[in-house]
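Please read the structure below before turning to the comments.
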């Protein structure tokens, strides 16, 4: 019967180990905190070791278990080392959240090859190579696992001046489907979350830097809000709760999907 699993168990991650990239702040930090709250041991991975340590410290203060790791996800060797370190120090790997990403605004005609390569290497390449290493660890354990890729509504509706970013996130949606097909028989579920406009310091800084022709950040935000039926920006915890669902036993039969968490932006 469907009710054989109690509600308290559906979101229980005790005994699980999670690795979250970009976990030092914003959406990544919120995901780390929610997974830890559900009982998972969390490896907080970030380019900035100081912010990673801060998030790990917050988890420890709440009674959870966490470690902090510095890693440039664009480097496959660093991805291999990160996964090996997590398995060695925490005893395995059950959940991978590919959250690290960059979104520098740049018009098509001004986008240099170096910028294109950097965005694709971080947003798409890093997610692939971490998923590759995580899948090996999950297969070796025999328990399977869950891989969650943080995509974007820009995979479906471009914002403008972000062709390189949009290409990386569109690729990430298809990568999610491809990995789900190939890894499903290994008991590894692979899903994506496509956030809409999420109120984070990083997003505000990027939008401010991307403002053109004298446009102010407030005007850009007003334009986004006008297209959101729920009438507000999302919060990092909105995405963290979606990630908790996809990582948990409650999503045991969910794979290969992209969960849009955008307040209705794509239908507005």
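Bear in mind these aren't lab numbers, they're just calculated from the coordinates by the rules spelled out. As the structure is a computational prediction, the values presented were derived from the model and not from experiment. So basically every Cβ, Gly included, is an ideal-geometry build from the backbone, and we count neighbours across all protein chains shown.
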Once the Cα atoms of segment 85-191 are picked out, what are the Rg and Dmax in Å?
-> 15.3, 49
Kirkwood-Stokes translational diffusion coefficient of segment 1-42, alpha-carbon pairs, 10 °C, 1.306 mPa s, µm²/s = 142
Modelled label-to-label distance, residue 218 and residue 60, 7 Å Cα→beta-carbon offset: nm?
-> 4.2
Give me the distance in nm between label points sitting 7 Å out from Cα along the Cα-to-Cβ direction at residue 77 and residue 252, one decimal.
-> 4.3
In degrees rounded to 10, the 0-90 angle between helix 126-141 Cα long axis and the longest Cα principal axis of the chain is 10
Hey, rough spin-label estimate for residue 7 and residue 230, points 7 angstrom out along Cα→Cβ, what's it come to in nanometres?
-> 2.0
Rounded to the nearest 500, what is the chain's calculated 222 nm mean residue ellipticity when only DSSP H runs of at least 4 contribute -39500 (n - 2.57) each, over all residues?
-> -14000 deg cm²/dmol
Note: segment 74-131 at 37 °C, 0.692 mPa s; Kirkwood Rh on alpha carbon pairs; Stokes-Einstein D in µm²/s works out to 256
Could you tell me what percent of the DSSP beta bridges with both partners in the chain are antiparallel, to the nearest 5?
-> 0
Just for the Cα atoms in segment 1-117, what are the lengths along the principal axes, largest first, rounded to whole Å?
-> 57, 33, 25
What are the extents of the Cα atoms of the chain along their three principal axes, listed from largest to smallest and rounded to whole Å?
-> 54, 42, 39
Got a sec? Which residues in segment 12-31 would a label at residue 50 touch, if it sits 7 Å along Cα→Cβ and we count backbone N under 15 Å?
-> 24-25
